[in-house]
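The values are calculated or read from the model by the stated rules, or taken from the named source; none is laboratory data. Fair warning: this is a prediction, and the values are worked out from it, not measured in the lab. Heads up, the Cβs are rebuilt from the backbone with ideal geometry, glycines too, and the neighbour counts pull from every protein chain shown.
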Amino acid sequence: MYGNYDPPFSIEKEGISISVEELEKRWVYKRTLGTDTVEKLIIGDGKHIIISPVEPLNTPKEITPNLLIEFEKTLLLAAGARKKIFLTFPVEIGVFISDKGNKNLQILDVLTLARKKFTLYGPVSNGIICKHWKSGIYSVSPSPNPLQEGIMELTLRNTTSEWASISKAVFSAYGMRIFYDSDVFMRAHMDILNKNTAETGFELQHISGELKSFRPKEQETRKEAIEIYNRKLDFVPVSLTFDMRLGF
Amino acid sequence: MGDLLKFVLILSFSIIISRIITLYLRRSFKDKVSKDAGETILKLFYYGTIIIVFIAILPLTGLDPSGLLLAGGITGIVLGFASQNIVGNLISGVFLMIEKPIKIGDQVEISGTSGFVTDIRIISTLIRTYDGLLVRIPNQQVFTTNITNVVGYPARRFELKFGIRYSDDADAAIFLIKDLVDKEPFALLNPDPSVFVNELGESSVDLIVRIWAPISEWAALKNKLLWAIKKTLEENGIEMPFPPQRLVYLHNVPDKNQTPEELKQNQEKEIESVLNYGERVLT
(Lines give C-alpha, C1' and ligand atoms only; values in the text may rest on other atoms or scores of the structure.)
Protein backbone atom coordinates (compact mmCIF):
# COMPACT_ATOMS: atom_id res chain seq x y z
CA MET A 1 0.00 0.00 0.00
CA TYR A 2 2.90 2.36 0.72
CA GLY A 3 4.21 4.33 -2.23
CA ASN A 4 3.39 7.08 -4.73
CA TYR A 5 0.14 7.22 -6.66
CA ASP A 6 -1.06 9.42 -9.50
CA PRO A 7 -4.80 10.23 -9.44
CA PRO A 8 -7.19 8.77 -10.37
CA PHE A 9 -6.54 5.61 -8.38
CA SER A 10 -8.23 3.31 -5.93
CA ILE A 11 -6.67 0.78 -3.55
CA GLU A 12 -8.06 -1.59 -0.99
CA LYS A 13 -6.11 -3.57 1.57
CA GLU A 14 -6.70 -4.92 5.09
CA GLY A 15 -10.09 -3.21 5.25
CA ILE A 16 -8.62 0.15 4.23
CA SER A 17 -10.03 1.69 1.09
CA ILE A 18 -8.34 4.78 -0.38
CA SER A 19 -9.32 6.45 -3.63
CA VAL A 20 -8.84 9.75 -5.43
CA GLU A 21 -11.32 10.20 -8.24
CA GLU A 22 -12.40 13.05 -10.46
CA LEU A 23 -15.89 14.34 -9.85
CA GLU A 24 -17.26 17.44 -11.59
CA LYS A 25 -13.77 18.76 -12.43
CA ARG A 26 -12.60 18.33 -8.86
CA TRP A 27 -10.61 15.57 -7.23
CA VAL A 28 -12.27 13.78 -4.36
CA TYR A 29 -10.14 11.96 -1.80
CA LYS A 30 -12.10 9.25 -0.04
CA ARG A 31 -10.87 6.90 2.68
CA THR A 32 -12.83 4.25 4.52
CA LEU A 33 -11.72 2.15 7.48
CA GLY A 34 -14.52 0.26 9.20
CA THR A 35 -17.21 2.81 9.95
CA ASP A 36 -14.78 5.71 9.78
CA THR A 37 -14.95 7.64 6.50
CA VAL A 38 -12.99 10.72 5.42
CA GLU A 39 -13.77 12.73 2.30
CA LYS A 40 -11.81 15.74 1.06
CA LEU A 41 -11.93 17.86 -2.06
CA ILE A 42 -8.71 18.60 -3.91
CA ILE A 43 -8.49 21.52 -6.29
CA GLY A 44 -5.35 21.40 -8.42
CA ASP A 45 -3.96 19.16 -11.15
CA GLY A 46 -0.76 17.22 -11.53
CA LYS A 47 -0.61 16.21 -7.89
CA HIS A 48 0.94 13.11 -6.39
CA ILE A 49 -0.52 11.11 -3.55
CA ILE A 50 2.03 9.55 -1.24
CA ILE A 51 1.12 6.86 1.26
CA SER A 52 3.81 6.46 3.87
CA PRO A 53 4.19 5.21 7.43
CA VAL A 54 4.39 8.07 9.91
CA GLU A 55 5.21 8.43 13.60
CA PRO A 56 2.57 6.51 15.58
CA LEU A 57 1.39 9.54 17.55
CA ASN A 58 -1.23 11.21 15.39
CA THR A 59 -4.37 9.12 15.97
CA PRO A 60 -7.00 9.35 17.33
CA LYS A 61 -5.73 12.82 18.25
CA GLU A 62 -2.29 14.31 18.59
CA ILE A 63 -2.01 14.86 22.34
CA THR A 64 1.56 13.77 23.04
CA PRO A 65 4.83 13.31 21.16
CA ASN A 66 5.89 10.40 23.39
CA LEU A 67 5.62 6.68 22.69
CA LEU A 68 5.93 4.23 25.58
CA ILE A 69 6.75 0.65 24.62
CA GLU A 70 6.04 -1.74 27.45
CA PHE A 71 7.93 -5.04 27.27
CA GLU A 72 5.85 -8.20 27.64
CA LYS A 73 8.51 -9.56 30.00
CA THR A 74 10.91 -7.58 32.18
CA LEU A 75 14.43 -7.69 30.79
CA LEU A 76 17.51 -7.83 33.03
CA LEU A 77 20.68 -6.41 31.52
CA ALA A 78 24.05 -7.15 33.08
CA ALA A 79 26.37 -4.34 34.18
CA GLY A 80 28.28 -2.86 31.28
CA ALA A 81 26.41 -5.09 28.77
CA ARG A 82 25.39 -4.04 25.27
CA LYS A 83 22.65 -6.03 23.57
CA LYS A 84 20.61 -5.66 20.41
CA ILE A 85 16.96 -6.69 20.62
CA PHE A 86 13.92 -6.35 18.37
CA LEU A 87 10.59 -4.91 19.41
CA THR A 88 7.44 -4.00 17.55
CA PHE A 89 5.81 -0.57 17.43
CA PRO A 90 2.41 0.62 16.18
CA VAL A 91 2.31 1.94 12.64
CA GLU A 92 0.22 4.87 11.47
CA ILE A 93 -0.40 5.40 7.79
CA GLY A 94 -0.08 8.93 6.50
CA VAL A 95 -1.62 10.07 3.22
CA PHE A 96 0.08 13.13 1.71
CA ILE A 97 -0.48 15.23 -1.36
CA SER A 98 2.44 16.84 -3.15
CA ASP A 99 3.55 18.57 -6.31
CA LYS A 100 5.70 16.67 -8.78
CA GLY A 101 9.02 15.65 -7.25
CA ASN A 102 7.48 15.29 -3.78
CA LYS A 103 7.69 19.05 -3.25
CA ASN A 104 5.28 21.07 -1.15
CA LEU A 105 3.96 18.17 0.92
CA GLN A 106 0.61 18.51 2.64
CA ILE A 107 -0.94 15.92 4.91
CA LEU A 108 -4.38 14.68 3.86
CA ASP A 109 -5.14 11.97 6.36
CA VAL A 110 -3.68 9.67 9.02
CA LEU A 111 -5.14 6.30 9.93
CA THR A 112 -4.10 3.20 11.80
CA LEU A 113 -4.98 -0.44 12.19
CA ALA A 114 -3.04 -0.68 15.44
CA ARG A 115 -4.56 -0.45 18.90
CA LYS A 116 -4.82 3.09 20.20
CA LYS A 117 -4.23 3.53 23.91
CA PHE A 118 -2.62 6.12 26.13
CA THR A 119 -0.92 5.89 29.49
CA LEU A 120 0.78 8.08 32.05
CA TYR A 121 4.53 7.64 32.49
CA GLY A 122 5.50 8.61 36.02
CA PRO A 123 3.42 10.01 38.87
CA VAL A 124 0.28 12.09 38.39
CA SER A 125 1.97 15.27 39.60
CA ASN A 126 4.84 15.32 37.13
CA GLY A 127 4.37 12.41 34.75
CA ILE A 128 3.89 12.62 31.01
CA ILE A 129 1.14 11.29 28.80
CA CYS A 130 2.42 8.68 26.33
CA LYS A 131 0.95 6.59 23.55
CA HIS A 132 1.11 3.02 24.85
CA TRP A 133 2.23 -0.08 23.02
CA LYS A 134 2.98 -3.54 24.36
CA SER A 135 5.65 -5.52 22.58
CA GLY A 136 7.34 -8.87 22.85
CA ILE A 137 11.14 -9.00 22.98
CA TYR A 138 12.68 -10.75 19.97
CA SER A 139 16.27 -11.78 19.35
CA VAL A 140 15.70 -11.90 15.60
CA SER A 141 13.65 -9.52 13.54
CA PRO A 142 9.94 -10.47 13.65
CA SER A 143 7.67 -10.28 10.59
CA PRO A 144 4.56 -8.33 11.59
CA ASN A 145 1.93 -6.91 9.25
CA PRO A 146 3.62 -3.73 7.92
CA LEU A 147 0.30 -1.88 7.83
CA GLN A 148 -0.18 -2.49 11.53
CA GLU A 149 3.18 -2.97 13.23
CA GLY A 150 6.75 -1.96 12.59
CA ILE A 151 10.05 -3.44 13.74
CA MET A 152 12.30 -1.54 16.09
CA GLU A 153 15.90 -2.58 16.40
CA LEU A 154 16.85 -1.43 19.88
CA THR A 155 20.41 -1.39 21.13
CA LEU A 156 20.49 -1.52 24.92
CA ARG A 157 23.59 -0.29 26.71
CA ASN A 158 23.97 -0.59 30.44
CA THR A 159 26.60 1.96 31.39
CA THR A 160 26.20 1.34 35.13
CA SER A 161 28.02 -1.15 37.32
CA GLU A 162 24.78 -2.83 38.40
CA TRP A 163 22.12 -5.00 36.79
CA ALA A 164 19.39 -3.01 35.05
CA SER A 165 15.79 -4.18 35.09
CA ILE A 166 13.98 -2.83 32.02
CA SER A 167 10.25 -3.12 31.45
CA LYS A 168 9.50 -0.06 29.35
CA ALA A 169 11.12 2.45 27.04
CA VAL A 170 9.87 5.93 26.18
CA PHE A 171 10.72 7.54 22.85
CA SER A 172 10.07 11.04 21.58
CA ALA A 173 8.52 11.40 18.13
CA TYR A 174 10.92 14.25 17.44
CA GLY A 175 13.90 12.53 15.95
CA MET A 176 12.10 9.30 14.96
CA ARG A 177 13.48 7.91 11.72
CA ILE A 178 11.16 5.43 10.03
CA PHE A 179 12.08 3.40 6.94
CA TYR A 180 9.86 1.16 4.90
CA ASP A 181 9.81 -1.37 2.11
CA SER A 182 8.22 -4.75 2.68
CA ASP A 183 8.35 -3.89 6.37
CA VAL A 184 8.41 -0.74 8.50
CA PHE A 185 11.65 -0.26 10.39
CA MET A 186 13.20 1.96 13.05
CA ARG A 187 16.61 1.77 14.70
CA ALA A 188 16.87 3.13 18.23
CA HIS A 189 19.10 2.98 21.27
CA MET A 190 18.55 3.03 25.00
CA ASP A 191 21.41 3.86 27.32
CA ILE A 192 20.99 3.09 31.01
CA LEU A 193 22.75 6.01 32.69
CA ASN A 194 22.04 5.21 36.34
CA LYS A 195 19.59 3.33 38.53
CA ASN A 196 16.62 5.49 37.53
CA THR A 197 17.61 7.28 34.35
CA ALA A 198 17.91 6.12 30.78
CA GLU A 199 18.37 7.98 27.54
CA THR A 200 16.61 6.93 24.38
CA GLY A 201 17.13 8.15 20.85
CA PHE A 202 17.12 7.17 17.23
CA GLU A 203 19.89 6.36 14.85
CA LEU A 204 20.55 9.15 12.43
CA GLN A 205 19.72 9.23 8.78
CA HIS A 206 22.75 10.92 7.30
CA ILE A 207 21.63 13.57 4.91
CA SER A 208 24.85 14.93 3.52
CA GLY A 209 26.42 13.22 0.50
CA GLU A 210 29.76 12.31 2.02
CA LEU A 211 28.09 10.52 4.89
CA LYS A 212 25.83 8.40 2.68
CA SER A 213 28.48 5.67 2.52
CA PHE A 214 28.10 5.20 6.28
CA ARG A 215 24.43 4.35 5.98
CA PRO A 216 23.49 1.00 7.46
CA LYS A 217 22.50 -1.57 4.87
CA GLU A 218 18.86 -1.67 5.94
CA GLN A 219 18.52 2.05 5.37
CA GLU A 220 19.93 1.79 1.87
CA THR A 221 17.36 -0.75 0.76
CA ARG A 222 14.41 0.82 2.52
CA LYS A 223 12.88 4.18 1.68
CA GLU A 224 12.71 6.88 4.30
CA ALA A 225 9.20 7.56 5.54
CA ILE A 226 7.77 11.07 5.68
CA GLU A 227 8.05 12.36 9.22
CA ILE A 228 5.30 14.62 10.47
CA TYR A 229 6.99 15.64 13.73
CA ASN A 230 10.41 16.45 12.32
CA ARG A 231 8.74 18.60 9.66
CA LYS A 232 7.30 20.70 12.48
CA LEU A 233 10.77 21.62 13.70
CA ASP A 234 12.55 24.58 12.18
CA PHE A 235 15.71 22.53 11.82
CA VAL A 236 16.74 19.06 10.73
CA PRO A 237 17.43 17.32 14.04
CA VAL A 238 20.97 16.01 14.30
CA SER A 239 20.47 14.27 17.59
CA LEU A 240 17.41 14.24 19.80
CA THR A 241 17.26 12.13 22.91
CA PHE A 242 14.65 11.50 25.55
CA ASP A 243 15.57 11.37 29.23
CA MET A 244 13.65 8.69 31.10
CA ARG A 245 14.04 10.23 34.53
CA LEU A 246 11.02 8.48 35.97
CA GLY A 247 12.41 4.96 35.75
CA PHE A 248 12.48 2.20 33.17
CA MET B 1 32.95 70.95 32.53
CA GLY B 2 34.53 67.52 33.05
CA ASP B 3 31.79 66.51 35.52
CA LEU B 4 29.06 67.64 33.14
CA LEU B 5 30.61 65.50 30.39
CA LYS B 6 30.75 62.55 32.81
CA PHE B 7 27.08 63.15 33.64
CA VAL B 8 26.09 63.11 29.96
CA LEU B 9 28.24 60.06 29.20
CA ILE B 10 26.98 58.01 32.17
CA LEU B 11 23.38 58.91 31.41
CA SER B 12 23.79 58.03 27.72
CA PHE B 13 25.52 54.78 28.61
CA SER B 14 22.75 53.83 31.05
CA ILE B 15 20.10 54.61 28.41
CA ILE B 16 21.90 52.35 25.90
CA ILE B 17 22.35 49.55 28.46
CA SER B 18 18.68 49.82 29.56
CA ARG B 19 17.58 49.57 25.92
CA ILE B 20 19.73 46.48 25.34
CA ILE B 21 18.41 44.78 28.50
CA THR B 22 14.84 45.76 27.56
CA LEU B 23 15.29 44.18 24.12
CA TYR B 24 16.69 41.03 25.68
CA LEU B 25 13.83 40.88 28.21
CA ARG B 26 11.25 41.45 25.45
CA ARG B 27 12.56 38.36 23.66
CA SER B 28 12.61 36.37 26.92
CA PHE B 29 9.03 37.40 27.76
CA LYS B 30 7.77 36.34 24.34
CA ASP B 31 5.21 33.50 24.76
CA LYS B 32 5.78 33.57 28.54
CA VAL B 33 4.09 36.79 29.60
CA SER B 34 1.14 38.48 27.93
CA LYS B 35 2.12 41.35 25.63
CA ASP B 36 0.36 44.02 27.72
CA ALA B 37 1.88 42.90 31.01
CA GLY B 38 5.29 42.39 29.44
CA GLU B 39 5.33 45.88 27.93
CA THR B 40 4.31 47.45 31.27
CA ILE B 41 7.10 45.64 33.09
CA LEU B 42 9.61 46.66 30.42
CA LYS B 43 8.55 50.30 30.59
CA LEU B 44 8.78 50.27 34.39
CA PHE B 45 12.24 48.75 34.16
CA TYR B 46 13.46 51.12 31.44
CA TYR B 47 12.28 54.38 32.95
CA GLY B 48 12.99 53.21 36.52
CA THR B 49 16.63 52.48 35.64
CA ILE B 50 17.10 55.84 33.94
CA ILE B 51 15.51 57.74 36.86
CA ILE B 52 17.68 55.93 39.43
CA VAL B 53 20.85 56.59 37.41
CA PHE B 54 19.80 60.23 36.87
CA ILE B 55 19.33 60.82 40.60
CA ALA B 56 22.55 58.96 41.43
CA ILE B 57 24.70 61.09 39.10
CA LEU B 58 22.90 64.38 39.73
CA PRO B 59 25.65 65.61 42.15
CA LEU B 60 27.99 65.70 39.12
CA THR B 61 26.03 68.69 37.81
CA GLY B 62 26.40 70.48 41.13
CA LEU B 63 22.78 69.97 42.18
CA ASP B 64 22.01 68.38 45.54
CA PRO B 65 19.48 65.55 45.09
CA SER B 66 18.74 65.24 48.84
CA GLY B 67 16.01 67.87 48.59
CA LEU B 68 14.58 66.04 45.62
CA LEU B 69 14.71 62.76 47.50
CA LEU B 70 12.91 64.29 50.49
CA ALA B 71 10.21 65.73 48.26
CA GLY B 72 10.01 62.43 46.40
CA GLY B 73 9.75 60.53 49.66
CA ILE B 74 6.83 62.63 50.91
CA THR B 75 5.13 62.39 47.54
CA GLY B 76 5.69 58.63 47.64
CA ILE B 77 4.02 58.28 51.03
CA VAL B 78 1.02 60.37 49.92
CA LEU B 79 0.71 58.45 46.67
CA GLY B 80 1.24 55.16 48.48
CA PHE B 81 -1.74 55.77 50.77
CA ALA B 82 -3.86 56.99 47.88
CA SER B 83 -3.05 54.09 45.62
CA GLN B 84 -2.77 51.30 48.16
CA ASN B 85 -5.05 48.94 46.21
CA ILE B 86 -3.43 49.67 42.89
CA VAL B 87 0.04 49.07 44.30
CA GLY B 88 -1.22 45.90 46.01
CA ASN B 89 -2.59 44.64 42.73
CA LEU B 90 0.58 45.64 40.94
CA ILE B 91 2.85 43.79 43.38
CA SER B 92 0.51 40.77 43.34
CA GLY B 93 0.69 40.86 39.54
CA VAL B 94 4.48 40.78 39.65
CA PHE B 95 4.43 37.86 42.10
CA LEU B 96 1.87 36.05 39.94
CA MET B 97 4.26 36.34 37.01
CA ILE B 98 7.18 35.08 39.09
CA GLU B 99 5.40 32.26 40.92
CA LYS B 100 3.25 31.32 37.91
CA PRO B 101 0.44 29.43 39.69
CA ILE B 102 -1.58 29.97 36.49
CA LYS B 103 -0.69 30.47 32.85
CA ILE B 104 -2.58 31.97 29.93
CA GLY B 105 -4.85 29.24 28.54
CA ASP B 106 -5.18 27.34 31.84
CA GLN B 107 -8.60 26.29 33.05
CA VAL B 108 -8.99 27.62 36.59
CA GLU B 109 -11.42 28.35 39.37
CA ILE B 110 -10.70 31.57 41.26
CA SER B 111 -13.09 33.04 43.82
CA GLY B 112 -15.97 30.99 42.46
CA THR B 113 -15.28 31.97 38.84
CA SER B 114 -14.42 29.06 36.54
CA GLY B 115 -13.05 29.39 33.02
CA PHE B 116 -10.01 29.91 30.85
CA VAL B 117 -7.28 32.41 31.77
CA THR B 118 -7.16 34.72 28.75
CA ASP B 119 -4.67 37.27 30.08
CA ILE B 120 -2.57 38.02 33.14
CA ARG B 121 -2.11 41.76 33.26
CA ILE B 122 -0.07 43.84 35.66
CA ILE B 123 -3.14 44.87 37.70
CA SER B 124 -5.75 42.22 36.92
CA THR B 125 -6.33 38.74 35.51
CA LEU B 126 -8.92 38.11 32.81
CA ILE B 127 -11.00 34.94 32.81
CA ARG B 128 -13.31 33.77 30.05
CA THR B 129 -15.98 31.71 31.77
CA TYR B 130 -17.31 28.53 30.18
CA ASP B 131 -20.45 30.55 29.32
CA GLY B 132 -18.31 32.98 27.32
CA LEU B 133 -18.35 35.86 29.80
CA LEU B 134 -15.31 38.02 30.47
CA VAL B 135 -14.50 38.35 34.17
CA ARG B 136 -11.78 40.68 35.43
CA ILE B 137 -10.33 39.70 38.80
CA PRO B 138 -7.90 42.06 40.59
CA ASN B 139 -4.51 40.42 41.00
CA GLN B 140 -4.52 40.93 44.76
CA GLN B 141 -7.61 38.75 44.97
CA VAL B 142 -6.08 36.16 42.63
CA PHE B 143 -2.90 36.04 44.69
CA THR B 144 -4.54 35.81 48.11
CA THR B 145 -7.37 33.40 47.29
CA ASN B 146 -7.41 29.66 46.62
CA ILE B 147 -6.74 28.88 42.98
CA THR B 148 -7.87 25.56 41.53
CA ASN B 149 -5.93 24.89 38.36
CA VAL B 150 -7.92 22.25 36.50
CA VAL B 151 -5.08 21.61 34.07
CA GLY B 152 -2.23 21.76 36.59
CA TYR B 153 -1.33 18.09 36.16
CA PRO B 154 -1.20 16.04 32.95
CA ALA B 155 -4.04 13.68 33.93
CA ARG B 156 -7.11 13.72 36.13
CA ARG B 157 -9.61 11.21 37.44
CA PHE B 158 -13.36 11.23 37.03
CA GLU B 159 -16.06 9.03 38.44
CA LEU B 160 -19.26 7.52 37.02
CA LYS B 161 -21.98 5.93 39.14
CA PHE B 162 -24.46 3.31 38.00
CA GLY B 163 -27.14 1.38 39.87
CA ILE B 164 -28.23 -2.03 38.56
CA ARG B 165 -31.08 -4.30 39.67
CA TYR B 166 -30.48 -6.85 42.43
CA SER B 167 -31.52 -9.56 39.98
CA ASP B 168 -28.71 -8.57 37.53
CA ASP B 169 -25.26 -10.08 37.54
CA ALA B 170 -22.90 -7.41 38.93
CA ASP B 171 -19.81 -9.36 37.78
CA ALA B 172 -21.14 -9.33 34.21
CA ALA B 173 -21.81 -5.58 34.44
CA ILE B 174 -18.27 -4.97 35.72
CA PHE B 175 -16.83 -7.09 32.88
CA LEU B 176 -18.82 -5.15 30.26
CA ILE B 177 -17.81 -1.78 31.71
CA LYS B 178 -14.12 -2.79 31.94
CA ASP B 179 -14.24 -3.92 28.31
CA LEU B 180 -15.71 -0.58 27.22
CA VAL B 181 -13.13 1.38 29.20
CA ASP B 182 -10.33 -0.73 27.75
CA LYS B 183 -11.47 0.11 24.21
CA GLU B 184 -11.34 3.85 24.88
CA PRO B 185 -7.93 5.22 23.82
CA PHE B 186 -8.03 8.12 26.25
CA ALA B 187 -8.93 6.00 29.31
CA LEU B 188 -5.39 5.71 30.64
CA LEU B 189 -3.82 2.33 31.32
CA ASN B 190 -1.78 3.81 34.14
CA PRO B 191 -3.09 4.87 36.68
CA ASP B 192 -5.35 1.91 36.01
CA PRO B 193 -9.13 2.34 35.92
CA SER B 194 -11.27 0.68 38.58
CA VAL B 195 -14.83 -0.64 38.46
CA PHE B 196 -16.37 -2.02 41.65
CA VAL B 197 -19.56 -2.48 43.66
CA ASN B 198 -19.66 0.50 45.97
CA GLU B 199 -22.93 0.03 47.84
CA LEU B 200 -25.94 -2.24 48.20
CA GLY B 201 -28.59 0.44 47.87
CA GLU B 202 -32.28 0.53 48.69
CA SER B 203 -33.31 -0.65 45.26
CA SER B 204 -30.06 -1.12 43.33
CA VAL B 205 -26.55 -2.50 43.46
CA ASP B 206 -24.43 0.65 43.03
CA LEU B 207 -21.34 0.47 40.86
CA ILE B 208 -18.58 3.05 40.65
CA VAL B 209 -16.27 3.52 37.64
CA ARG B 210 -13.09 5.53 38.23
CA ILE B 211 -11.03 6.48 35.20
CA TRP B 212 -7.91 8.58 34.67
CA ALA B 213 -7.73 10.54 31.43
CA PRO B 214 -5.45 13.14 29.83
CA ILE B 215 -6.41 16.57 31.11
CA SER B 216 -7.49 17.75 27.65
CA GLU B 217 -9.77 14.76 27.06
CA TRP B 218 -11.46 13.89 30.34
CA ALA B 219 -14.69 15.85 29.87
CA ALA B 220 -15.43 14.43 26.41
CA LEU B 221 -14.51 10.93 27.57
CA LYS B 222 -16.77 11.21 30.62
CA ASN B 223 -19.77 12.20 28.52
CA LYS B 224 -19.06 9.51 25.94
CA LEU B 225 -18.60 6.71 28.47
CA LEU B 226 -21.64 7.65 30.56
CA TRP B 227 -24.01 7.00 27.68
CA ALA B 228 -22.00 4.13 26.17
CA ILE B 229 -22.04 2.21 29.46
CA LYS B 230 -25.78 2.78 29.93
CA LYS B 231 -26.50 1.52 26.40
CA THR B 232 -24.17 -1.47 26.65
CA LEU B 233 -25.62 -2.60 29.97
CA GLU B 234 -29.17 -2.36 28.63
CA GLU B 235 -28.22 -4.22 25.43
CA ASN B 236 -27.00 -7.04 27.65
CA GLY B 237 -30.19 -7.19 29.70
CA ILE B 238 -28.81 -5.28 32.69
CA GLU B 239 -31.13 -2.46 33.67
CA MET B 240 -30.91 0.53 35.90
CA PRO B 241 -33.96 0.54 38.22
CA PHE B 242 -35.88 3.70 38.99
CA PRO B 243 -35.72 4.83 42.60
CA PRO B 244 -38.53 3.28 44.74
CA GLN B 245 -41.83 5.15 44.63
CA ARG B 246 -44.36 4.69 47.46
CA LEU B 247 -48.01 5.35 46.67
CA VAL B 248 -50.24 6.16 49.62
CA TYR B 249 -54.04 5.99 49.19
CA LEU B 250 -56.05 7.93 51.76
CA HIS B 251 -59.57 6.72 52.33
CA ASN B 252 -62.14 6.29 55.11
CA VAL B 253 -64.12 3.13 55.64
CA PRO B 254 -67.64 4.08 54.52
CA ASP B 255 -70.45 3.92 57.06
CA LYS B 256 -72.86 1.19 56.05
CA ASN B 257 -75.83 3.48 56.92
CA GLN B 258 -74.62 6.31 54.63
CA THR B 259 -76.65 7.02 51.55
CA PRO B 260 -74.75 7.32 48.20
CA GLU B 261 -75.18 11.15 48.31
CA GLU B 262 -73.68 11.37 51.80
CA LEU B 263 -70.81 9.13 50.74
CA LYS B 264 -70.07 11.37 47.77
CA GLN B 265 -70.14 14.52 49.97
CA ASN B 266 -67.73 12.93 52.47
CA GLN B 267 -65.32 12.00 49.66
CA GLU B 268 -65.39 15.59 48.34
CA LYS B 269 -64.67 16.90 51.87
CA GLU B 270 -61.76 14.48 52.15
CA ILE B 271 -60.28 15.66 48.86
CA GLU B 272 -60.76 19.27 49.96
CA SER B 273 -58.98 18.66 53.26
CA VAL B 274 -56.06 17.04 51.41
CA LEU B 275 -55.91 20.04 49.06
CA ASN B 276 -56.01 22.43 52.03
CA TYR B 277 -53.23 20.45 53.68
CA GLY B 278 -51.22 20.85 50.50
CA GLU B 279 -51.81 24.59 50.47
CA ARG B 280 -50.85 24.93 54.12
CA VAL B 281 -47.65 23.06 53.50
CA LEU B 282 -46.92 25.20 50.48
CA THR B 283 -47.51 28.44 52.35
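I'd like to know if the stretch A:138-160 contains one or more residues that are within 14 Å of chain B (Cβ to nearest Cβ) and not acidic (Asp, Glu). The answer is no; no qualifying residue exists. Identify, please: which residue in the stretch B:200-241 is farther than 27 Å from A:Val124 by Cα, in a strand (DSSP E or B) and not β-branched (Val, Ile, Thr) and is, among those, farthest from the other protein chains (Cβ to nearest Cβ)? Looking at residues that are farther than 27 Å from A:Val124 by Cα, in a strand (DSSP E or B) and not β-branched (Val, Ile, Thr), I get B:Leu200.
Exactly one residue out of B:Lys161, B:Lys100, B:Lys178 is under 22 Å from A:Lys117 (Cα atoms) and among the basic types (Lys, Arg), and it is B:Lys178. Does B:Phe186 satisfy the criteria of being touching a residue at least 60 places away in the same chain (Cβ under 8 Å) and either closer than 30 Å to A:Leu57 by Cα or assigned to a strand (DSSP E or B) (or both)? Against the criterion (touching a residue at least 60 places away in the same chain (Cβ under 8 Å) and either closer than 30 Å to A:Leu57 by Cα or assigned to a strand (DSSP E or B) (or both)), B:Phe186 does not qualify. Applying the criterion of being surrounded by fewer than 16 Cβ atoms within 10 Å (Cβ to Cβ) and acidic (Asp, Glu) to the residues of the stretch A:71-120, the residue that is nearest to the chain's Cα centre (by Cα) is A:Glu72.
Criterion first (at pLDDT below 85, away from chain A (no Cβ under 14 Å) and over 30 Å from B:Pro244 (Cα atoms)) does B:Ile98 satisfy it? Answer is yes for this residue. Given the condition on the phi < 0 side of the Ramachandran plot, assigned to a loop (DSSP other than H, G, I, E, B) and surrounded by 16 or more Cβ atoms within 10 Å (Cβ to Cβ), answer yes or no: does some residue in the stretch B:242-264 qualify? No, there is no match, as no residue in the stretch B:242-264 is on the phi < 0 side of the Ramachandran plot, assigned to a loop (DSSP other than H, G, I, E, B) and surrounded by 16 or more Cβ atoms within 10 Å (Cβ to Cβ). Of the residues making up the stretch B:149-199, just one is hydroxyl-bearing (Ser, Thr, Tyr) and within 11 Å of chain A (Cβ to nearest Cβ), namely B:Tyr153.
Picking from residues in the stretch B:13-41 that are hydrophobic (A, V, I, L, M, F, W, C) and modelled with pLDDT under 85, the one that is nearest to B:Lys100 (Cα to Cα) is B:Val33.
Meeting the requirement of 3 or more residues that are within 23 Å of B:Asp182 (Cα to Cα), the strands (runs of 3 or more DSSP E) wholly within the stretch A:85-203 are A:103-112, A:118-121, A:128-135, A:164-172. Within the stretch A:145-161, being within 27 Å of A:Val110 (Cβ to Cβ) and either among the acidic types (Asp, Glu) or surrounded by fewer than 18 Cβ atoms within 10 Å (Cβ to Cβ) (or both) holds for A:Asn145, A:Gln148, A:Glu149, A:Glu153.
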